[in-house]
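Notes to accompany the following structure.
Computed from the coordinates by the stated procedures, all read-outs in this text should not be read as laboratory data. Just so you know, these numbers come straight off a predicted model, no measurement behind them. Neighbour counts are summed over all protein chains in view; Cβ atoms, including those assigned to glycine, are modelled from backbone coordinates with ideal geometry.
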Amino acid sequence: MKFHLSPAYNTVKGGSAAAWKSGGEFMVVKHLLNDSIQITDYVIALIAAEVIKEIPAIQLASGNFREEIMNAVHKKYAAKGIYVSTASSYVDIKVRTAIQYGENIAEVSYALQKFIKKQVEKITGLQVKKIDIFVEKVFFE
């Protein structure tokens, strides 16, 4: 069975969401009438990663060796430096970043938070409760 999501699916009354773990990966299940949509943390992290690519003054901070091993073993982290946790009806996102030298850290981080929130909510229909930005490095052009 094939179905398509329309931008208006989020307005269906009586819908609910729940978080659960399937095959070692957390996902959010959004119930709409008699059907459901399952969105994994991996998908949410990929959306955030795509947003970061669109802002030239910021990059994901690359992980250290230990984190890369944990990622390979547990498959917990969807994208290097992006951590997603889901609850029944909301999402929290943590992003480890590097900012371009000379940029205003507060302004770039705030813009990133707003853009990630907007895109994740628009694409998934889930509420983003919190986005923490950790600036760990500075990069030069």
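Things to note:
- Every pair of residues 6+ apart whose Cβ atoms lie under 8 Å, when the first sits in the range 104-119 and is within 16 Å of residue 56 (Cβ to Cβ) while the second is exposed (fewer than 14 other Cβ atoms within 10 Å of the Cβ): 115/54
- For the range 121-141, the tally of residues that are among the aliphatic types (A, V, I, L, M) and either out of contact with any helix residue (DSSP H, G or I) (no Cβ under 6 Å at 6 or more places or on another chain) or within 16 Å of residue 55 (Cα to Cα) (or both) stands at 4.
- Residue list for the range 97-131, restricted to those being over 24 Å from residue 38 (Cα atoms) and in contact with a Lys or Arg (Cβ under 6 Å, 6 or more places away or on another chain): 98
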